[in-house]
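*Asks:* Quick one: this structure, given as structure tokens, is what I'll be asking you about.
The values are calculated or read from the model by the stated rules, or taken from the named source; none is laboratory data. If you're wondering where the values come from, they're calculated on a predicted model, not measured in any experiment. Every residue, glycine among them, receives a Cβ derived from its backbone with ideal geometry; neighbour counts consider all protein chains shown. Surface accessibility is based on the protein's heavy atoms, side chains included, excluding ligands, DNA and RNA. Shrake-Rupley method; radii C 1.70, N 1.55, O 1.52, S 1.80 Å.
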Amino acid sequence: MPNMTIGVTPANEGIEGIRWNILGQIYVPKQHSEHSLSWHATFPVGTFVPPHIHPTQDEFVYMLEGRLDVLLDGKEGFAGPGDLVRLPKGVPHGLFNKSHAEVKCLFWVSPAQRLYDLFWALHNLGPTPDPAEVVAISARHEVDFLPPPDAG
């Protein structure tokens, strides 16, 4: 696991020029170390991250542009520019761009755990990836997706 390096990651650039396409969303990693991972995310209209749990990480989302509908521990809400979404480890959450505009935000998790490797594993899976494959890959990287509400 890398140590955090000193420096500036320029706007519109990721560390080492990395830019991931994660199921239609663009993630640009800004910092990665054992203790944390941060990335700029762009959510096109209609994209989302289904409800899931990080059993070993706290996650944060700082909203830059647009509006995300959020599902936090079964409760619906939303976040807009300047809002910080706090997602403690073990708490189910989902993020949805139901608006008519692109959403931009800054994510970070602590500790980094295996999320960096998960993003490489999910990068460019294609426009219609097999949901079971996404769930299995994610579980191997310490992110547990929840079954849809009607799958009970």
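*Asks:* Using a 1.4 Å probe, what is the accessible area per residue for the chain, in Å²?
*Replies:* Averaged over the residues of the chain, the accessible area is 56 Å².
*Asks:* Using a 1.4 angstrom probe on heavy atoms only, work out the carbon and sulfur share of the accessible area of the chain in %.
*Replies:* On the chain, the fraction of accessible area on carbon and sulfur atoms equals 57 percent.
*Asks:* To continue, here is another question. For the chain, with the dipole built from +1 on Lys and Arg beta-carbon atoms and -1 on Asp and Glu ones, taken about the Cα centre, which of ASN12, PRO148, HIS35 lies farthest toward the positive end?
*Replies:* Farthest towards the positive pole: ASN12.
*Asks:* In segment 61-120, with Lys and Arg counted as +1 and Asp and Glu as -1 at Cβ, which of these residues, LEU118, LEU71, GLY94, has the Cα nearest the positive end of the dipole, that is, farthest along it?
*Replies:* So the residue we want is LEU118.
*Asks:* Now, a different point. Can you compute the charge dipole magnitude of segment 62-110 about its Cα centre, using +1 on each Lys and Arg Cβ and -1 on each Asp and Glu Cβ, nothing else charged? Give it in debye, rounded to the nearest 20. Provide the component values of the computation, followed by the final result.
*Replies:* Numbers: 6 positive and 6 negative charges, 24 e Å.
So the dipole magnitude of segment 62-110 works out to roughly 120 debye.
*Asks:* Then there's this: Just the Cα atoms of the chain: what Rg and Dmax do they give in Å?
*Replies:* 14.7, 48
*Asks:* Please go through segment 72-106 and write out the trypsin sites (Lys or Arg not before Pro) that DSSP classes as loop and that have at most 13 other C-beta atoms within 10 Å.
*Replies:* LYS98
*Asks:* I would also like to ask the following. Mind checking the dipole of the chain: about its Cα centre, +1 per Lys or Arg Cβ, -1 per Asp or Glu Cβ, Debye to the nearest 20?
*Replies:* The dipole magnitude comes to about 200 debye.
*Asks:* Would you list, by chain and number, the lysines whose Cα falls below 17 Å from the Cα of LYS30, excluding same-chain residues fewer than 8 positions away?
*Replies:* LYS104
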